[in-house]
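Have a look at the structure below, then the notes.
No lab work stands behind these numbers, since they all come straight from the coordinates. Every value quoted in this text rests on a predicted model; they were computed, and no experiment measured them. FYI the Cβ positions are ideal-geometry reconstructions off the backbone, even for glycines, and counts take in every protein chain you see.
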C-alpha cells in the first residue's frame, strides 16, 4: 500500500477515496494544523458518499446543514451558507437555487475530490472576499504535468454501493500528459432511492440522481503555465424533504482559465477567470404528493449567470512574502414561480445583481526568535440592485401592495467593507506552538435577505418552515474575532485545541415584522406571521480540538471535539439558529502493509439552546458506531468495506431540519432522521 504524509488526524479519519498516485496526491487538509508526519492508510468510504460536504463532519469545528441528499450546506463554528467563503477549484460558484439546493460543494463529487482545505480558525484575507464565517476550498482531480517529453496516461476508476439507499456511485478520470501538455476528462454518476431508518421506514423524498463531466487542458512554457477547464453538472430528480419543493433538474456548467507567470527573484503573478451559466427547475408535486388542493401546485424556474476575475502578485519582502491581489465577481439571479394548473405566477427575483470588487495585501514571515506573523488588509465594494417584480393581477390586495412598494423603492445599494487580520504564532519549543489572532471580518446581505419582497421560503436553505421578507436597507455584518490556539506534539501524542470568540454587529436573521401587508399574506398562507431579515447584535464562542495518540507501531487513536454557542446580544439573548451541539469523534485504527481496519464512535450531546424566534426544535443526544476496512490486494487496486451506524440507532442531527413532505414515514413537522444501518462497499483502481 502506497504511503504518504498526512496530519495525524486527517490520516486517521478522513473520508476520501483510495490513495492516489504521485501525480495526484489526495488528502484533506486542516490549515493551521502542524501537519505532523505519519504514514497511514485512508478509508475509502468517500466512494459511496454523495457530495464533498459530507467530509466536513470530520473537521474540528465544521458540520453540515443538510436539507436533502445533495444539499450539504457547509457549516463552520455555528455559521453557514453565504457567511462561509467556499470555493471550488479557485472559483466562487454561485448557487442557482434561492434555497441552497445546489450549494458549492455539491458540484464536485467526493470520489473526484483531490483535497478539501478548511482554514482552521481565522481565515486569511487572501482566502476570499467575504470570510466572516471562515473559508474552505475544494480542488477536483485533474491532470498534472510530468517529467519528460514522452506522454503518459494515468487515471482512476471507482465504484461505490451504499445499502441504506440502494445507492450507486461511479467515477472515471483519465489523464494524458508530458512535461509541456496535459489533458484530462472525467465523468461521474450518483443515483439512489429514498434512504431507510429504523429498519424498514424511509425518508421520502430523499432519492437522488446526478451526473457530471469535466474536460481540461494545460500547457507549460518554461516556468509558466496556462490552463483551461470546463465542468458540467446535470442533476435530475432529487428530493429535499426539508424544503417546500424538490429538485427536478439543475443543469449548466462553468468554464475557467488560469495563468501562472513566474518572474525573477522569487516573484510570480497568478491570474484566473471563470464564467458560470446554470438553470434550475423545482416543484412540489413530482416527487411528493400535494393533495387535491387546487391552486397549490407550485413550480419555479431559476437562473444564474455570473463570472469572476482575479490577479495575485507574490514577492519576497522583509524576510517574508507579500501578496497583493485584485479580484471581483458578478452574478445575475432570476426566479419565476408559477402553477401549471392555473394562471398564477410570481416574478419573484428579477435581474438581481450582486457584484463584488476587492483588493487586498497580505504579508507572512518570521519577525523574531520562533515568532511568525501573518497580517492582511482587504477592501471590498459590494454593489446590488434589483429589477421590478410582479404577481398575478388577481392576487390579494396585500400582495399587490407589497409588489408596488418594492417597485417604487430605490433598490440600488452599495457597501464598502474593510477586513483585516493579525495572527501571531510563537514556537515556544520543539513540542509546543501558541497562536493568537485578531480579525475584523464583514459580509454584505445576500440577495434573498435584501430583495425578498413577498413572504416566501426562498431563504438560502434555512428550512425552518417560516415565511420571510427582506429589507433593502440592511447593513453589512461586522465581526470582531479573537482566537487562541495551542499545538502540542511530543512522542506519540498530538493535541491542538482552539478557543474562539466572535462579536458580531448587525448580524442578519429573521425577526417579527411590523409590515401589516406581509403579515396578512403570511398568515393566509402559513397560519403564522412573517419574519423579516433584520440586523441584530450577536456573539459566537466555543472550542474545538483535534488530537491523536500512537498506541503502537500499527495502532492509532485519533479524534476531535467541537463546541460552539451562538446567541443574540440583544432581544433577550435568544439563541442563534441551527448550531450543532457539543460533539466528538474518536477512531482506533489497526494497519498493516496492505490492509487496515478502524472502529469509529461519533457522539452528539442534546441541543437545548435553540432559536425561539423561528420555533427551532430541541434535539436529543445520540451516539453512532462505525466500522471501516480497506485492502489493497494488488498494486493500484483498493477495496473498501464498512458499516455505518452499526447498531441501527434512531437519531436526528440537530443541523437537519424538519420534514415538509407528506406520505413519508416521517411526520410533517418532525426532525428528519439520520440514516439507519448502512453497509457500503467500494472499489477503485489507479493506473
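Simple spin-label estimate for residue 219 and residue 524 gives 6.2 nm between the two label positions (7 Å along the Cα-to-Cβ direction from each Cα). With 10 Å bins beginning at zero, the pair-distance distribution over Cα atoms of region 512-651 amounts to 10, 24, 24, 18, 13, 8, 3 %.
With 10 angstrom as the radius, rank 264, 471 by how many other C-beta atoms surround their C-beta, starting from the fewest. Please list the in-between numbers first.
Details: 264 5, 471 19.
Listing 264, 471 from fewest to most nearby Cβ atoms yields 264, 471.
Under the criterion of Cα pairs below 8 Å and six or more residues apart, the relative contact order for the chain equals 12 percent. Modelled this way, with points 7 Å down the Cα-to-C-beta line, the labels at residue 200 and residue 412 are 6.5 nm from one another. Per the Debye calculation on the chain with a single equal scatterer at every Cα and no solvent contribution, log₁₀ I(q)/I(0) for q = 0.09, 0.12 Å⁻¹ amounts to -0.77, -1.46. Determine the distance separating the Cα centre of region 656-676 from the Cα centre of region 534-575; give it in Å without decimals. The distance from the Cα centre of region 656-676 to that of region 534-575 comes to 27 Å. Between helix 516-526 and the chain there is an angle of about 70 degrees, using the helix long axis and the longest principal axis of the Cα atoms. Fully extending the segment from residue 554 to residue 648 would add 30.9 nm, taking 0.36 nm per residue of separation and subtracting the current Cα-Cα distance. The stretch between residue 608 and residue 281 holds 114.1 nm of extra length on full extension. This uses 0.36 nm per residue minus the Cα-Cα distance.
Put simply, the convex hull of the Cα atoms in region 574-613 casts, on average, a shadow of 3.7 nm².
Cα axis of helix 397-408 to longest principal axis of the chain: angle in degrees, 0 to 90, nearest 10? Orientation of helix 397-408: about 60 degrees from the principal axis. Centre-to-centre separation between the Cα atoms of region 473-506 and those of region 296-370: 25 Å.
Per residue of the chain, what 222 nm ellipticity follows from adding -39500 (n - 2.57) for every DSSP H run with n ≥ 4, rounded to the nearest 500?
-1500 deg cm²/dmol
Computed log10 I(q)/I(0) for region 134-277 at 0.10, 0.12, 0.14 Å⁻¹: -0.51, -0.68, -0.83, from the Debye equation with unit scatterers placed on every C-alpha and solvent omitted. Between residue 592 and residue 637, the modelled label-to-label distance comes to 1.8 nm, taking each label 7 Å out from Cα in the direction of the beta carbon.
You can think of it this way: the chain between residue 431 and residue 311 has 39.4 nm of extra reach, that is 0.36 nm per residue less the Cα-Cα gap. A quarter of the convex hull surface defined by the alpha-carbon atoms of region 419-480 gives 6.5 nm² as the mean projection.
Taking a ≥ b ≥ c as the square roots of the eigenvalues of the Cα gyration tensor, region 499-577 is classed as prolate, since a/c reaches at least 1.5 and a/b is larger than b/c. Calculated from the alpha-carbon coordinates, region 307-430 shows an Rg and a Dmax of 24.0, 74 Å respectively. Sorted from longest to shortest, the spans of the Cα atoms of region 413-559 along the three principal axes equal 67, 36, 19 Å.
Reported to the nearest whole Å, the Cα centre-to-centre distance from region 401-469 to region 81-147 is 17. When both bridge partners sit in region 8-686, DSSP labels roughly 95% of those beta bridges antiparallel.
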